[in-house]
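Computed from the coordinates by the stated procedures, all read-outs in this text should not be read as laboratory data. Just so it is clear, the structure is predicted and the values come from calculations on it, not from any experiment. For neighbour counting, all protein chains shown are included, and Cβ atoms are generated from backbone atoms with ideal geometry for every residue, glycine included.
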Amino acid sequence: MHTDFENRLKDLVETYSHQIAEQNALSRRAREKTLTAEDVECYLTNMFYVFANTLPACHYALIISRSRNNEKMAEFCVEKMEDEKGHEVWAQDDLKHLGIANGLPNFNLVSQQSKDLVQYGRDVIDIDENFFSVYTFCFEYLTVVEGPKLLAQLEELGFSRESMSGLGYHVDLDKHHIEDDIKIILDTMRENHPEAMLEVARKTMDHLHKFLEYCVIH
Ligand SMILES: [Fe+2]
C-alpha cells in the first residue's frame, strides 16, 4: 500500500506541476520572452517572502507536534528547520544581482496569493501536523520537476544562474529533500490518511499555481 500511495502522490504532483508550468504567468512570460526586470524583481520578492516564512512554519509545526506527542514529526521539523535556515538570503542576493540596493525587498510587491500560500501551511498543521510534510513535498517536488526548465528559460533571457540562486540551489537540494518528505509521510500515515493527504496535495498545488500566477507584475 505504501509504494502505491507514493506513486499516487507523485503522479498527482507531477500532473499539477506540468499544468502549472504550462499556464502560470511567470513561466508563460519566460517562454514568450516578455518577462521584464520588474517581473523578476516581483518574483524574487515573493520568493523571499515564502522563504522567510519557511522557518517560522517549521517551528510552528514543531511546537504543535510536540504538544501532540508526535515525536516522529517533531524530529522531521527539527531537521527541516536546519535544512531551510537562511534561504531567504539567496533571494536577497538575487535581488542585489538585479540591481536592487542592498537586496532590500519591496514588500508592496508581495501578493495576496503568496500570503494565502503561507497561511495554508499553518492551516494544514492545525488540522493535522502530519499533513505538513505533504505541503512541503508539493513545493519541493514542483521545484524538482519544473525548476530546471524555468532556470534554462530565465538564463536564455539573460538572468544568469548566479542571479537565480534561490531557484538554482533549491533545484539541487530538493532532490534530496523529497526523499525525507516521502519517508515521513509514509512513516506517519494512518489508515484514514491517504485520501486526506491527497486532498492536501491538491489544495497546496492550487495555492502554488496562484502563487506563480501572481508573483509577477499584474
Ligand atoms: Fe529552502
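Here are A61, A74: which of them is without any contact (Cβ under 8 Å) to a residue 40 or more places away in the chain, under 29 Å from E199 (Cα atoms) and surrounded by 14 or more Cβ atoms within 10 Å (Cβ to Cβ)? Let's see the steps before the verdict.
Working: A61 fails: without any contact (Cβ under 8 Å) to a residue 40 or more places away in the chain.
Among A61, A74, only A74 is without any contact (Cβ under 8 Å) to a residue 40 or more places away in the chain, under 29 Å from E199 (Cα atoms) and surrounded by 14 or more Cβ atoms within 10 Å (Cβ to Cβ).
Okay, residues lined up against (1) buried (at least 21 other Cβ atoms within 10 Å of the Cβ); (2) within 16 Å of the ligand (Cβ to nearest atom):
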| site | (1), (2) |
| --- | --- |
| G166 | yes, yes |
| D174 | yes, yes |
| I184 | yes, no |
| E191 | no, no |
| P194 | no, no |
| D206 | no, no |
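Right, E155: closer than 19 Å to Q113 by Cβ and in a helix (DSSP H, G or I) or not?
no
Being more than 16 Å from the ligand (Cβ to nearest atom) and within 18 Å of M205 (Cα to Cα) is the filter here, so list the residues in region 87-126 that pass it.
S111, Q112, Q113, K115, D116, Q119, Y120, R122, D123, V124, I125 - these are the residues of region 87-126 that are more than 16 Å from the ligand (Cβ to nearest atom) and within 18 Å of M205 (Cα to Cα).
Would you call K80 of a type in the set (D, E, K, R), out of contact with any Leu (no Cβ under 9 Å at 6 or more places or on another chain) and buried (at least 16 other Cβ atoms within 10 Å of the Cβ)?
Working: of a type in the set (D, E, K, R): yes; out of contact with any Leu (no Cβ under 9 Å at 6 or more places or on another chain): no; buried (at least 16 other Cβ atoms within 10 Å of the Cβ): yes.
No: the conditions fail for K80.
Residue-by-condition table, conditions (1) exposed (fewer than 15 other Cβ atoms within 10 Å of the Cβ); (2) over 13 Å from the mean Cα position of the chain (by Cα); (3) not in a helix (DSSP H, G or I):
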site: D126; (1), (2), (3): yes, yes, no
site: F132; (1), (2), (3): no, no, no
site: T143; (1), (2), (3): no, no, no
site: P148; (1), (2), (3): yes, yes, no
site: D180; (1), (2), (3): no, yes, no
site: M197; (1), (2), (3): no, yes, no
site: V200; (1), (2), (3): no, yes, no
